[in-house]
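For reference, the structure discussed in these notes is given below.
The values are calculated or read from the model by the stated rules, or taken from the named source; none is laboratory data. Being a predicted model, the structure only gives us computed values, none of them experimental. Don't worry about glycine lacking a Cβ; one is built from the backbone with ideal geometry, like all the others, and counts go over all protein chains shown.
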Amino acid sequence: MLGRTLREVSTALKQGHITPTELCQKCLSLIKKTKFLNAYITVSEEVALKQAEESEKRYKKGHSLGDLDGIPVAVKDNFSTSGIETTCASNILKGYVPPYNATVVQKLLDKGAVLMGKTNLDEFAMGSGSTDGVFGPVKNPWSYSKQYRGKRKQKAHGENEDSNWLITGGSSGGSAAAVAAFTCFAALGSDTGGSTRNPAAHCGVVGFKPSYGLVSRHGLIPLVNSMDVPGILTRCVDDAAIVLGMLAGHDPKDSTTIQDPVKPFTLPTLADVNKLCIGIPKEYLAPELSSEVRSFWSKAANLFESEGAKVIEVSLPHTSYSIICYHVLCTSEVASNMARFDGLEYGHRCDINVSTEAMYAATRREGFNDVVRGRILSGNFFLLKENYENYFIKAQKVRRLIANDFMNVFNSGVDVLLTPTTLSEAVPYLEFIKEDNRTRSAQDDIFTQAVNMAGLPAVSVPVALSNQGLPIGLQFIGRAFCDQQLLTVASWFEKQAQFPVIQLQELMDDFSSDFEIEKLSSVSLKQ
Amino acid sequence: MAAPVKRWSCVGKRWVLAYIDGGSRHGRGAAIGFTSRRKRGQSSVAQQPLITAQKSRKGEHEWEAVVGLEIHAQISSNSKLFSGSQVHFAAPPNSLVSFFDASLPGTLPVLNRRCVEAAVMTGLALNCRINKKSLFDRKHYFYADLPAGYQITQQRLPIAVNGSLAYSVCVGKKPSQVSTKTVRIKQIQLEQDSGKSLHDEPRSQTLIDLNRAGVGLLEVVLEPDMSCGEEAASAVRELQLILQALGTSQANMAEGQLRVDANISVHHPGEPLGVRTEVKNLNSARFLAKAIDFEIERQIHELENGRKILNETRSFDYKLGCTMPMRDKEGKQDYRFMPEPNLPPLLLHDTASLPPGADPQQVINIDWIRERLPELPSETREKLIQQYGMLPEHSFALLNEVGLLEFFQNVIKETRAEPKKVTSWVLNIFLGFLKQQNLTVNESPVTPSALAELLNLLDRKAISSSAAKQVMDVKRGNPRAINKLMGLVRKATLSRADPTVIKKILERKLSS
């Protein structure tokens, strides 16, 4: 049951094949078994069981709240959850229990979803590995998969298996791992420069970043307000569409959400792709791109072409400026957003009380890690009166150029862009930490970040396994507020790709019967 | 010390406020010497521009003071600028604080429509150009009563710009010599108020009250078109009356709803402006005038003694009557302004630009607000002058006290007495009575009807002017006045009435 998609398990709940409480207990049990993944910071067991019980009552009365009723979900620990500690994986918020729910959390709960817990991340979502949080790194479930282990055994005998675990990518690595390891059916991430899509690609799940303004940010503890979007991680595109349908729409508490009413999302099944125009941005053919990812990318393009779509090369000429531009805008907003963490109203406060200023300084030094402090420092530098024009204003102009690049391409008739999500498959932790956070983030975000600059919807879809037996994802980018069209195309592609299910039987013997073995061998694109 | 020569001249009294201040103004100047004349000793005449040289006597240089103001007016609205918290003065500490006001992570600002309308109204009343598009910015500084570490304000593109405010000052010795002056308004911007820090020195702790945090403010920036404390105080007083007439701010300085910072510099006419100082947090019109005049004198004194003026922030010590350098939080501040990313541009419409089918709840129509502007104080005064042949200074006086105009109008309605007589009675006898009793108009035991009746009796010559004044005197709490009244009644009744009965009747009448 746990291996199923959200829609499948929802049907099972409706038909009474399983009760919400049984489902919740199975997930809780699996969370315990996979504790070593460090996917969760907080497991809200009591709350979850209570919610499941409520859901069960509704099902018994025949008053189900819809597709999400009784479905176990997880939420990244940078969304405020009423009564549940929300830490952003930072010392400064350890022990902080918000008195309110983020709008997206409230919407999930209103639809009957069962909240399993809060997932791990890089501190304040600053990172691309989920390795830089105060609760330690998240381990990629694929490190323990039959697919990956099998390949490794062939290669290197005698190597210490445990020291070679892989990163999940980030910063929503906890959410991606939680979904990949079947501990929930959907998870919320956040996506500022690729933080939902990147770990989704590394963990073999779907990672969807909606259009900016489609989903409320109220209650999402911000990284970069003008780029942050709540992200959705699921095991298939259709599930992401279901969750999006529940979350999308105007929120009076977030003035940047669109006013127009959002129609319910139901993904039509795309019979063919004849009328579709797929753009392949030539600038995304980066030298660092692994040959395997490149090969899957071109195979995917060929697939679209062979099925009748028009596939054309397009140009997004300002792409190469995206990283540096992002650096200025991100750190500036970070410097501003982090100013509130002074130890006065909430969160950590140091013992020093010689003066208010000394208290601020010590509190913030103790509270933030090096990455956060570094970004605060650079951001404040860029915002200084003497630097503002040369950095912030320039970066804003470049941002506009980057957004215009996309506009031009879409105006020329392209429906959807197809790109890689990441440069390569997930790397082992020990290799990942050889580079500092800033370098890694700059490298890892290159295909995902420009999308946030432009506020466009994008989704990473798992395509196939690499030679090492690790997931590879490709990204589709759509027109602003054409999220439904984007997901429709992604869903069509997903069906063609037939990405294999992760094999974690060795770890989860009790659940082996729950997995759908029949899909395992088909990796159509690898043929 | 240089010999006294009259230098910077602000022409006389702030008579708009004369009724409030009583006679206190007369002795003031002499104490710090600004009405005296001084000679400037050292500096070379040849370096001065010709115009200046012509104006001044040989070997002397006039000083000219330049005063600009930044005024913060708390917007009168039920809820705060970006949150739904209530706004009340003197509520229990931290009882009016939303999650946003306390800057809980993840909370977002939602602009209060009422505050925008108040800004538009104020802008229109002050002859501003209303920007159809304005923007919000973050201004960063660390302070305990600023929970987010930044204030949301409108630095780049404020909601209203390029206005003007006309105010009057008295130019001569007689109050009738009124001169109307104009100060340009640079801009009006919407911004958040901060909380309050309460320093408990003995326990060396600071307590924070966030009730005020996030309350909407109108920052009105007046260009440096004023030249003395009197002018500044008059301009502020006029602004106060306008805000009160509009209902956009209660503008009560004592309750902190109107706070003024003054920028002050002195220079010789025709020369570039001098280095300015900023005197912060002036919360009464009287202290505003005093602080500015003191600061001007201080600057002149410093310069004449060959010292320099520092570009600094000063505070006014009302007990000592002087300004002092503030111990600045951390020296020169760089506020690191940044666009507020959580608020889209504030778009306003006029009837021409109104999108068809727009939801009236979602748009603000400037023309609609313009058409519904209430009567402004200047218009009211003009009407009084036209309608009742009132002297301009009397029209000012009537508007100067809360409720006095209404009282006057109610008396007028019910009496046959001449408007001039009513004016004189209301402004002199009635107001004098209130001042003596330390009462506001609304607390007055004398109702408009009672005064009207009294004036009717006077008008019918049923009683004499002196008898009428005795009535007021009794009201004023002068027990001996009743004896005079008794005398008048006895006279009128040819001593036939019983004095005890007369006294009883009089006391009953007067206490009613």
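The table for this structure:
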quantity	calculated
Those residues of the stretch B:88-114 which are within 14 Å of chain A (Cβ to nearest Cβ) and not in a loop (DSSP other than H, G, I, E, B), in sequence order	B:113
Elements of type helices (runs of 4 or more DSSP H) contained in the stretch A:74-189, each with 3 or more residues being within 14 Å of chain B (Cβ to nearest Cβ) and under 21 Å from the mean Cα position of the chain (by Cα)	A:103-110
Some residue of the stretch A:258-278 being within 14 Å of chain B (Cβ to nearest Cβ), in contact with a Ser or Thr (Cβ under 9 Å, 6 or more places away or on another chain) and either surrounded by fewer than 23 Cβ atoms within 10 Å (Cβ to Cβ) or assigned to a loop (DSSP other than H, G, I, E, B) (or both)	yes
Residues being part of a loop (DSSP other than H, G, I, E, B) and within 14 Å of chain B (Cβ to nearest Cβ) - total across the stretch A:190-200	1
Among residues of the stretch B:142-156, those that are of a type in the set (Ser, Thr, Tyr) and either assigned to a loop (DSSP other than H, G, I, E, B) or more than 11 Å from chain A (Cβ to nearest Cβ) (or both), counted	2
Subset of the stretch A:452-464 (residues that are in a strand (DSSP E or B) and in contact with a helix residue (DSSP H, G or I) (Cβ under 6 Å, 6 or more places away or on another chain))	A:458, A:459, A:460, A:461, A:463, A:464
Selection status of residue A:436, crowded, with 24+ Cβ neighbours inside 10 Å and more than 14 Å from chain B (Cβ to nearest Cβ)	no
Helices (runs of 4 or more DSSP H) completely within the stretch A:318-393 that count 2 or more residues being more than 12 Å from chain B (Cβ to nearest Cβ) and β-branched (Val, Ile, Thr)	A:322-337, A:370-383
Hey, residue A:184 surrounded by fewer than 24 Cβ atoms within 10 Å (Cβ to Cβ) and either in contact with a Leu (Cβ under 6 Å, 6 or more places away or on another chain) or of a type outside the set (Gly, Ala, Ser) (or both) or not	no
Sole exception among (1) exposed (fewer than 14 other Cβ atoms within 10 Å of the Cβ); (2) within 11 Å of chain A (Cβ to nearest Cβ); (3) of a type in the set (D, E, K, R); (4) touching a residue at least 12 places away in the same chain (Cβ under 8 Å) for residue B:340, by number	(1)
Residue in the stretch B:169-182 that is more than 12 Å from chain A (Cβ to nearest Cβ), at pLDDT below 95 and buried (at least 23 other Cβ atoms within 10 Å of the Cβ) present	yes
Out of B:489, B:422, B:501, sole residue that is of a type outside the set (Phe, Trp, Tyr) and either in contact (Cβ under 8 Å) with a residue 24 or more places away in the chain or not in a helix (DSSP H, G or I) (or both)	B:422
Breaking point among (1) at pLDDT below 95; (2) within 14 Å of the chain's Cα centre (by Cα); (3) more than 20 Å from residue B:377 (Cα to Cα); (4) not hydrophobic (A, V, I, L, M, F, W, C), for residue B:230	(3)
The stretch A:201-236: number of residues that are away from chain B (no Cβ under 14 Å) and hydroxyl-bearing (Ser, Thr, Tyr)	2
Selection count, the stretch B:199-227, where residues are at pLDDT 90 or above and either within 14 Å of chain A (Cβ to nearest Cβ) or outside any strand (DSSP E or B) (or both)	10
Subset of the stretch B:310-337 (residues that are away from chain A (no Cβ under 14 Å) and among the hydroxyl-bearing types (Ser, Thr, Tyr))	B:313, B:315, B:318, B:323
Subset of the stretch B:65-98 [modelled with pLDDT under 95 and either within 24 Å of residue B:303 (Cβ to Cβ) or of a type in the set (Gly, Ala, Ser) (or both)]	B:90, B:91
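Residues are listed down the side, and each one gets a yes or a no for (1) among the hydroxyl-bearing types (Ser, Thr, Tyr); (2) crowded, with 22+ Cβ neighbours inside 10 Å:
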{"residue": "B:204", "(1), (2)": "yes, no"}
{"residue": "B:209", "(1), (2)": "no, no"}
{"residue": "B:217", "(1), (2)": "no, yes"}
{"residue": "B:237", "(1), (2)": "no, yes"}
{"residue": "B:243", "(1), (2)": "no, yes"}
{"residue": "B:250", "(1), (2)": "no, no"}
